[in-house]
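Before any comments, here is the structure.
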Amino acid sequence: MLKYFISIAIFVPSIVLSQNQDNQLLIYNVGFGVVTSGVGAVINKPKNSDWKKYLIKGIWQGSIGGFLHYAGKKSSYNFITEANNTATYIIPKILHSAGSSIIESSALDKPFLKDWHFEYGPVRVDFSTVGSEKCCFRFLPYFINSVLSISQYHNADNKYVKIDFVRSLSLGVLTFKGNDLLFTNQNYGNAVSGSSSGRVICYSKDLDNYTQTIAHENIHTFQFGEYQLLNTWFNKLVNQFAPCSIEKLFAKYIYADIPYFSIPYRLEGINNENHYKNFFEFEAQRFSTNQFVQRY
Ligand SMILES: [Zn+2]
């Protein structure tokens, strides 16, 4: 009986604390959508129009987008960490991309639920579900930087990570796999079970919880993608000053995927005593494990 009470005494607070962490992340994700979309909608509103109307539209649409960001990350545990096969790996990305599309449209003063985008490996696809606009395929240049940085990971025997084709296709994110713990020359000899750099991830396939590592690193690619939405704030400014040929190049062939995310990530600290003190590490860990994450 005593054992029973002790296990309840441990279990119940951990559920309550976990629930608090989920609520915190829900507020962050919805808040991120609201701010990004609200500010963008006011910046991109037509001249001489009432900014309050656009702010309100940005806020409600941004909250829906932010909620879908949350849903995409939250579903990573079921569809990746605990998945029986790789067929469900893409579901979190679909939900998350739908959220980003809604936020982007709202921030750019475009119609609600008309334009969508989806990033698959090095390509961004833009398409409309209303009207007859053609699909647009654009290259994501930061992909090159991501490949160069992740492909340097190797195990203690100096065997470099290799491409995991099945998981790359399943996640829509180029994925490398390695044996045992992984090192790079840049991370000062610290062994890791996985890593991510913008658009590319790697993981060690020999560890028991490798699917959790994949889910964790995949969430970092979501975080990287979310901060791309800040492009909507600078859109008007760039279009005013960029020469026509450059504007055309970026409208048709290249998407400027600026790594804004590295700024807030570094501000959260990269060498904290507790790795999860960094908010983005905490978020990736919480959603990939579905367990309470000790942060301090
Ligand atoms: Zn991480």
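Only a single criterion out of (1) of a type in the set (Gly, Ala, Ser); (2) over 14 Å from residue 76 (Cβ atoms); (3) within 12 Å of the ligand (Cβ to nearest atom) is not satisfied by residue 194, namely (2).
So if I check each of 147, 173, which one is β-branched (Val, Ile, Thr) and within 16 Å of the ligand (Cβ to nearest atom)? Show your work before the answer.
Values: 147 fails: within 16 Å of the ligand (Cβ to nearest atom).
Residue meeting the stated conditions: 173.
Given 286, 199, 266, 295, which one is basic (Lys, Arg) and within 27 Å of residue 162 (Cα to Cα)? After applying the criteria, what remains is 199.
For the stretch 54-172, which fully contained helices (runs of 4 or more DSSP H) count at least 2 residues that are of a type in the set (Val, Ile, Thr)? Because the criterion is at least 2 residues that are of a type in the set (Val, Ile, Thr), the helices (runs of 4 or more DSSP H) in the stretch 54-172 that meet it are 91-107, 142-150.
Confirm whether residue 260 is away from the ligand (no atom under 14 Å from the Cβ), closer than 29 Å to residue 34 by Cα, under 19 Å from the mean Cα position of the chain (by Cα) and surrounded by fewer than 16 Cβ atoms within 10 Å (Cβ to Cβ). If you could, list the steps in order and put the result at the bottom.
Working: away from the ligand (no atom under 14 Å from the Cβ): yes; closer than 29 Å to residue 34 by Cα: yes; under 19 Å from the mean Cα position of the chain (by Cα): yes; surrounded by fewer than 16 Cβ atoms within 10 Å (Cβ to Cβ): yes.
Considered against the rule, which asks whether it is away from the ligand (no atom under 14 Å from the Cβ), closer than 29 Å to residue 34 by Cα, under 19 Å from the mean Cα position of the chain (by Cα) and surrounded by fewer than 16 Cβ atoms within 10 Å (Cβ to Cβ), residue 260 comes out as yes.
Considering only the stretch 151-165, I want to know if a residue exists there that is over 17 Å from residue 275 (Cα atoms) and within 15 Å of the ligand (Cβ to nearest atom). Checked against the condition, which is being over 17 Å from residue 275 (Cα atoms) and within 15 Å of the ligand (Cβ to nearest atom), the stretch 151-165 yields at least one hit.
Scan the stretch 113-136 and report the pairs whose first residue is at negative phi and whose second residue is among the hydroxyl-bearing types (Ser, Thr, Tyr) and in a strand (DSSP E or B), with Cβ atoms within less than 8 Å and a gap of 6+ or a chain change. Pairs found: 114/128; 115/128; 116/128.
Computed from the coordinates by the stated procedures, all read-outs in this text should not be read as laboratory data. Remember, predicted model here, so these are calculated numbers, not experimental data. Cβ coordinates were reconstructed from backbone atoms using ideal geometry, including for glycine residues, and neighbour counts include every protein chain displayed.
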